[in-house]
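The values are calculated or read from the model by the stated rules, or taken from the named source; none is laboratory data. A quick note: this is a predicted structure, and the numbers were derived from the prediction, not measured. Cβ coordinates were reconstructed from backbone atoms using ideal geometry, including for glycine residues, and neighbour counts include every protein chain displayed. Quick note on the areas: whole protein, heavy atoms, side chains included, nothing else; ligands and nucleic acids left out. Shrake-Rupley method; radii C 1.70, N 1.55, O 1.52, S 1.80 Å.
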Amino acid sequence: MGDYIPKEVLAEFLAKTGDKVAKVQAEQLANKNAIGSDNIGHKLLSKMGWKEGEGLGGTQKGITAPIKASAGAPAAGEQRGLGATAVGEVTEEDDPFEAYRKRMMLGYKYRPNPLGNPRRAYY
C-alpha cells in the first residue's frame, strides 16, 4: 500500500515523524520543485527587489519557501478550528504503530483507481 504514495508526500510524511534523513530528502525535493523564474509570483517579487534565496521583508529574515495552499487548509465541510490537525496527520509524538497506521491511511488515499469510480474524501 505504501508504494502508491508519491515520493514528495512520503518524504514530507517521514520528515514529520522525526526522521532526520527524510527531513533532508524533503528539503531537497522542495528545492528541486522550487518556483522557476517564469512564474508570475517570482516575476512580481523580483520587480520589487527580492532575490532568490533571500527571505521576505525589509530585513530579509522572512520566509524563504512558498506557502502551500493545501497544507493546513480544511476541506469543504470540515469544521476544524485554527491550529487543529487533520485526522491522519502524523506528529513526532506518535509511537511506531500509530505512524505506521497513518502511513497506510496515506497509501490508501493515493491508491490506484483502475475503474475510475468516484471517490469520497474520507480524510
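Would you be able to tell me the number of residues in segment 63-99 that are modelled with pLDDT of 80 or more and either open to solvent by 60 Å² or more (accessible area, probe 1.4 Å) or not polar (S, T, N, Q) (or both)?
10
Looking only at residues that are of a type in the set (A, V, I, L, M) and part of a loop (DSSP other than H, G, I, E, B) in segment 38-62, which one is most open to solvent (accessible area, probe 1.4 Å)?
That would be Met48.
Any residue at all in segment 18-37 that's hydroxyl-bearing (Ser, Thr, Tyr), surrounded by 10 or more Cβ atoms within 10 Å (Cβ to Cβ) and over 20 Å from the mean Cα position of the chain (by Cα)?
Looking through segment 18-37, none of the residues is hydroxyl-bearing (Ser, Thr, Tyr), surrounded by 10 or more Cβ atoms within 10 Å (Cβ to Cβ) and over 20 Å from the mean Cα position of the chain (by Cα).
Any chance segment 18-29 includes a residue that's touching a residue at least 40 places away in the same chain (Cβ under 8 Å) and closer than 24 Å to Leu106 by Cα?
yes
How about segment 104-120: which of its residues are open to solvent by 80 Å² or more (accessible area, probe 1.4 Å), in a helix (DSSP H, G or I) and not basic (Lys, Arg)?
Hit for segment 104-120 is Tyr108, nothing else.
Could you list, in sequence order, all residues of segment 87-103 that are within 18 Å of Ala11 (Cβ to Cβ) and either in contact with a Gly (Cβ under 7 Å, 6 or more places away or on another chain) or in a loop (DSSP other than H, G, I, E, B) (or both)?
Listed by number, the residues that qualify are Gly88, Glu89, Val90, Thr91, Glu92, Asp94, Lys102, Arg103.
If you take the residues of segment 1-17 that are in a helix (DSSP H, G or I) and not hydrophobic (A, V, I, L, M, F, W, C), which of them is nearest to the chain's Cα centre (by Cα)? Steps first, answer last, please.
Step one: filter segment 1-17 for residues in a helix (DSSP H, G or I), giving 2-4, 7-16.
Next cut, not hydrophobic (A, V, I, L, M, F, W, C) only: 2-4, 7-8, 12, 16.
On the way: Gly2: 17, Asp3: 18, Tyr4: 16, Lys7: 11, Glu8: 8, Glu12: 6, Lys16: 10 Å.
Out of the qualifying residues, it is Glu12.
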